[in-house]
């Protein structure tokens, strides 16, 4: 068992929500684009070390293994692990393309079955589905996003099915809904107005809309959002301080001069910068990442944050808890990237290297587990 050297920073008023990727089951579209039987595990298994000390591949521990999210028992085990270690809910990525949904089967099953009991919300991954994530030509659009008034309303009507679920996470009584890349929307204010109007028509008391800051920065209110959600990695903040010098890596024994292939960034520096970016004149919820290494997807074009570990994660989480003051009793959210982004090296789920150490780090810092509601 791996211990962490960070004392618990107990704040029972906070809610910890982990981003959740559903691409661990085959779908016809992925069979067509990438080969029969493709899932995210296909990418994970391709991971190779690119420099000395580079840990790849990330292999799941036996307790969950290379799971298939069509299996209800797997989804229950995930929720049990999350609940037992202080994760309050999952943020399921949601793929909507003008009425067409992709990777929808796991969430459909969660919604239809009423199980697992762990709370959840949705984050619309509203970008074109391209081949760029797999280091192919980024101009190859496999499924394009289209926006319009009719689609905005149709989208909200479908979302209302999820919003009505008693497990759905709310803020001040309003369903919490995230948009991953708000600036990609041609008129986000019009879209959010359409959503709010349709929600009111359907009998909701309002929506609580959050814009994710992976690519976007600044006050989310003019775009029609109630708050922002910090996201790491934040590609708008990939400045020179994060980049590791060849000499620094050579001294650390991790890489030899001239052998660097991927972009190498510093996890401890990212943690420091996250603290400096904490104060903004609008509502923004913090995010902590477990780590980042998308070289299984992107190969030599990938990015690796060097220096991540359960101990470093615990330190980042503890610092975040200390500096974050909830805006109200229910505006008390801290986001985690991620529950199961295996091909991006960001996962709380147990792996062969660390076992449950990241989960134990989370539990150790927050000082609590969540009682089962099953």
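The values are calculated or read from the model by the stated rules, or taken from the named source; none is laboratory data. Model, not experiment: these values are computed from the prediction. Neighbour counts run over all protein chains shown; Cβ positions are idealised from the backbone, glycine included.
When 170, 164 are screened for being loosely packed, with under 14 Cβ neighbours inside 10 Å and more than 30 Å from residue 34 (Cα to Cα), only 164 passes.
For the stretch 127-230, the strands (runs of 3 or more DSSP E) that sit wholly inside it and include 1 or more residues that are more than 19 Å from the chain's Cα centre (by Cα) are 141-143, 174-179. Of all residues in the stretch 336-356, those being within 16 Å of residue 19 (Cα to Cα) and part of a loop (DSSP other than H, G, I, E, B) number 6. Just to be sure before I move on: is residue 297 out of contact with any strand residue (DSSP E or B) (no Cβ under 7 Å at 6 or more places or on another chain) and either modelled with pLDDT of 95 or more or over 19 Å from residue 241 (Cβ atoms) (or both) in the structure I sent? Yes.
Please go through the stretch 182-214 and give me each residue that is without any contact (Cβ under 8 Å) to a residue 40 or more places away in the chain, farther than 21 Å from residue 331 by Cα, buried (at least 16 other Cβ atoms within 10 Å of the Cβ) and out of contact with any strand residue (DSSP E or B) (no Cβ under 8 Å at 6 or more places or on another chain), ordered by number. Across the stretch 182-214, there are no qualifying residues.
The criterion of being touching a helix residue (DSSP H, G or I) at 6+ places or on another chain (Cβ under 6 Å) and over 14 Å from residue 270 (Cα atoms) holds for residue 342. One residue stands out among those in the stretch 97-117 that are touching a residue at least 60 places away in the same chain (Cβ under 8 Å) and in contact with a strand residue (DSSP E or B) (Cβ under 6 Å, 6 or more places away or on another chain): the one that is farthest from residue 130 (Cα to Cα), which is 107.
Across the stretch 1-42, the number of residues qualifying as under 22 Å from the mean Cα position of the chain (by Cα) and either modelled with pLDDT of 95 or more or part of a helix (DSSP H, G or I) (or both) comes to 20.
Residues in the stretch 251-259: is at least one surrounded by 14 or more Cβ atoms within 10 Å (Cβ to Cβ), at pLDDT below 80 and on the phi < 0 side of the Ramachandran plot? Yes, the conditions are met somewhere in the stretch 251-259. Considering each residue of the stretch 44-58 in turn, at least one proves to be touching a strand residue (DSSP E or B) at 6+ places or on another chain (Cβ under 6 Å), within 29 Å of residue 115 (Cα to Cα) and outside any helix (DSSP H, G or I).
Report, by residue number, each residue of the stretch 63-89 that is in a loop (DSSP other than H, G, I, E, B) and touching a residue at least 24 places away in the same chain (Cβ under 8 Å). Hits for the stretch 63-89 are 63, 64, 66, 67, 68, 69, 70, 85, 86, 87, 88. No other residue among 365, 304, 288 is in a helix (DSSP H, G or I), touching a residue at least 24 places away in the same chain (Cβ under 8 Å) and either out of contact with any strand residue (DSSP E or B) (no Cβ under 9 Å at 6 or more places or on another chain) or crowded, with 19+ Cβ neighbours inside 10 Å (or both) apart from 365. Among the residues making up the stretch 71-124, those that are touching a helix residue (DSSP H, G or I) at 6+ places or on another chain (Cβ under 6 Å) and closer than 19 Å to residue 349 by Cβ are 85, 86, 92, 116, 118.
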